[in-house]
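This report refers to the structure that appears directly beneath it.
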Amino acid sequence: MKSINLLIRIILLLPLVILPAGCGGGGGGGAPGPSLVSLSVTPVNTSITAGGTQQLTATGTFSDGTTRDVSSQSTWTSSPAGVVRISNTGLVSSLGPTGSVSITAAIGTVTSPPVTLTVTAGSTAGANVMAVTVNGSLCSDATSANYFNKPCVSVTICNPGSSTCVTVNDILLDTGSYGLRVFNQALTGLNLTQAPSGTGSLAECIQFADGSSIWGPVKLASVQLGNEPAVQMPIQVIDASFATTPTSCGQPDATPAAAGYTGVLGVGPLAQDCGPNCANTRVGLYFSCTGAVCTGATVGLADQVPNPVARLPVDKNGVQVRLPSVALTGAPTLVGSLLLGIGTQTNNTPAVAPTVLPANQQGEFRATLSGATSSVNSFLDTGSNALFFPSSLPPCTGANFNFYCPPSTTSLTATMVGATGSPSLPVQFTIGNANGLFASNNNVFSDVGGPSTFGFDWGLPFFMGRNVFIGINGTVSPNLGTGPFVAF
Amino acid sequence: MKIAPLILCLALLAGLFLPQPSLATLGEGADSVTKDRHALSAAKRASTSHAKYTVQEIASDATTVREYLDLSGVVFAVAWNGMVHPDLTTILGSYAGEFKDAKRKMPRQHGLKRSKVQSSRVIVETWGHMGNLQGRAYLPALLPEGVSADEIN
């Protein structure tokens, strides 16, 4: 068998050697084509969980200086045996045991330097659990300067129907939006197809509440959340240089550093990023591009960028955000989790029934600060890094003018009211002096607030010390009812 | 009897194909509200009167805009909510330049779903999240006496 394999490999390899010679045309009569000089394997250092897979790539460098992917022509070897299996194309599959293996690729007498792959214990928490780090290891230092209370997750994105994938960290967990959006720069190695729109291709502009925006094509990708099955869906590839940015999109962020993240995972209480409005009218989110020219487009619900959770086979009715509590003085980092699905597995079924606040078709409910005469729009948003609400508390002077600076830490109460008018639920919270808090070395704060003119934005501090459920519109969660809702 | 509809049709078509002029709203007269409506391809929906001012609401498919006129008919504030922010260049008119300068000078802070940009004559505030973006722009010096900025929303 081995000799047959070798024979097949030699036959497969022949064109590599012969074709370039034929194309070059400049060699002396009968001179051999460029020969293989060296081999390298990427990624160099990687880890997978028990039962997982990882695609390795062998790149050959030839005597004429050219390089090409020779994964399928290489003989793959791993040591010690019994930890992983490697396919002829370089796909590594865990056989079960944990540990590190050394892997090489070889063609003829040329062998690559070894790379290390570590198999770690599979998560016992379940396939529907995603780690969330607040200013922790899943956040990139390059995008997080002066950015406190930043919750990051990791998402794996693949070419549809292929094992070619990238795992992207520094994805902002955002319950205030819907859909997966990732900077083009983080998707190197993938070849995603742009979604069609009429006779053109689909692109999107997302305007944010702080006046910033992102722009780029909508592409079809295979998205894997946690260890859930990968699902094909439209995502936005953030790329400010794509085609000609519509005037209404302003000056979109061009780099992760400018945006403050490498991507956004929008898992709020709605199933799509626009909904019926965009299906019927051109509202300024979606554009159809032909060449560099993009004009407003309508997009049906099924083709809009979806909340990725809504596309999961089973755990599709919502999420649960779990963050530990944080002392009033703050913490350097925080590790929590995002559970996919509500009441669909043992681990995402609430032990004690939470209070359910129905939301409206904007994902909002109402809130009244104690002492205020009227209620305001309100939403739960992990993507906001403080509690923003109208109050007579004094804003900070100086650079922190976006935050409150009460002379001493202040306890407040607001009443949340479901969008349907009930139930009413008083919520206590604490606001410290932001200038004092930010002077510490901490990055995570449970008691940071800031002024708002329009409504009550319950940012990340609200989630600390709570299990917060977010139910997606049109889906039913056992005992909690039909989304959109928030519950805790 | 047949010519009138034809002229109307031609006028409508001309309106459709004319390049949209750079319009101004804040600080201008009531006629700029009508111009705004064209620029925003929006329809007038409602007008409500208060003791010191009138609010004219115009709605497009994407965004609802409320324009605040004092008793002499000058627009002193504009507020909005919807899927997208309206074109601030249109809303701010002659104040767009100083707004852009002030915005450029503000350091970017991540994690906020709001902003407040203040230049010497105009204040622009935005707030919200995907699906419901809100904002207001107003000229503090032109607020009618006894009217608080809190009334603009």
Of those in the range B:48-62 that are assigned to a strand (DSSP E or B) and of a type in the set (Ser, Thr, Tyr), the residue most open to solvent (accessible area, probe 1.4 Å) is B:Ser49
Every listed condition ((1) at the interface with another protein chain (Cβ under 8 Å from one of its Cβ atoms); (2) in contact with a Phe, Trp or Tyr (Cβ under 6 Å, 6 or more places away or on another chain)) holds for B:Lys103 save (2)
Looking at (1) under 14 Å from the mean Cα position of the chain (by Cα); (2) away from chain B (no Cβ under 14 Å); (3) open to solvent by less than 10 Å² (accessible area, probe 1.4 Å), which is the only condition A:Leu138 fails? (3)
Members of the range A:177-196 that are within 20 Å of A:Leu301 (Cβ to Cβ) and open to solvent by less than 50 Å² (accessible area, probe 1.4 Å): A:Ser177, A:Tyr178, A:Gly179, A:Leu180, A:Arg181, A:Gln194, A:Ala195
Only one residue in A:Ala414, A:Ala372, A:Ala399 is within 33 Å of the chain's Cα centre (by Cα) and either of a type in the set (Ser, Thr, Tyr) or more than 11 Å from chain B (Cβ to nearest Cβ) (or both). Which one? A:Ala414
Got a number for residues in the range A:41-59 being aliphatic (A, V, I, L, M), under 16 Å from A:Ser112 (Cβ atoms) and not in a strand (DSSP E or B)? 2
Go through the range A:387-396 and give me each residue that's open to solvent by 60 Å² or more (accessible area, probe 1.4 Å) and either in contact (Cβ under 8 Å) with a residue 24 or more places away in the chain or aliphatic (A, V, I, L, M) (or both). A:Pro395
So how many residues does the range A:244-269 have that are aliphatic (A, V, I, L, M), closer than 25 Å to A:Cys158 by Cβ and out of contact with any Lys or Arg (no Cβ under 8 Å at 6 or more places or on another chain)? 3
Report yes if B:Val65 is in a strand (DSSP E or B), away from chain A (no Cβ under 11 Å), at pLDDT below 95 and under 22 Å from A:Gly211 (Cβ atoms), otherwise no. yes
I'd like to check something: does the range A:246-261 contain any residue that is polar (S, T, N, Q), more than 10 Å from chain B (Cβ to nearest Cβ) and buried (at least 19 other Cβ atoms within 10 Å of the Cβ)? no
In the range A:203-244, which residues are within 14 Å of another protein chain (Cβ to nearest Cβ) and either open to solvent by 40 Å² or more (accessible area, probe 1.4 Å) or not in a strand (DSSP E or B) (or both)? A:Phe208, A:Ala209, A:Asp210, A:Gly211, A:Ser212
The residue that is surrounded by the fewest Cβ atoms within 10 Å (Cβ to Cβ), considering only those in the range A:430-445 that are part of a loop (DSSP other than H, G, I, E, B) and within 14 Å of another protein chain (Cβ to nearest Cβ), is A:Asn443
Within the range A:397-421, can you find the residues that are closer than 23 Å to A:Gly268 by Cα, of a type outside the set (Val, Ile, Thr) and open to solvent by 40 Å² or more (accessible area, probe 1.4 Å)? A:Ala419, A:Gly421
Just checking, how many residues over the range A:446-468 are within 13 Å of another protein chain (Cβ to nearest Cβ) and either open to solvent by 10 Å² or more (accessible area, probe 1.4 Å) or not aliphatic (A, V, I, L, M) (or both)? 12
Looking only at the range A:343-355, filter to residues that are modelled with pLDDT of 95 or more and over 27 Å from the mean Cα position of the chain (by Cα); which one of those is most open to solvent (accessible area, probe 1.4 Å)? A:Thr355
For the range A:60-166, please list each of the strands (runs of 3 or more DSSP E) lying entirely inside it that holds at least 2 residues being modelled with pLDDT under 95. A:67-69, A:75-79, A:84-86, A:91-94, A:99-107, A:115-120
Count, please, the residues in the range A:277-307 that happen to be within 11 Å of another protein chain (Cβ to nearest Cβ), open to solvent by 30 Å² or more (accessible area, probe 1.4 Å) and not in a strand (DSSP E or B). 5
Tell me the residue from A:Val335, A:Val314 that is farther than 24 Å from B:Ala59 by Cα and outside any loop (DSSP other than H, G, I, E, B), please. A:Val335
Going by the structure shown, is B:Glu151 open to solvent by 30 Å² or more (accessible area, probe 1.4 Å), within 14 Å of another protein chain (Cβ to nearest Cβ) and farther than 19 Å from A:Gly284 by Cβ? yes
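The values are calculated or read from the model by the stated rules, or taken from the named source; none is laboratory data. Please read these numbers as outputs of a predicted model, since none were measured by experiment. Cβ coordinates were reconstructed from backbone atoms using ideal geometry, including for glycine residues, and neighbour counts include every protein chain displayed. Please note that ligands, DNA and RNA were not included when accessible areas were found on the heavy atoms of the full protein model with its side chains. Shrake-Rupley method; radii C 1.70, N 1.55, O 1.52, S 1.80 Å.
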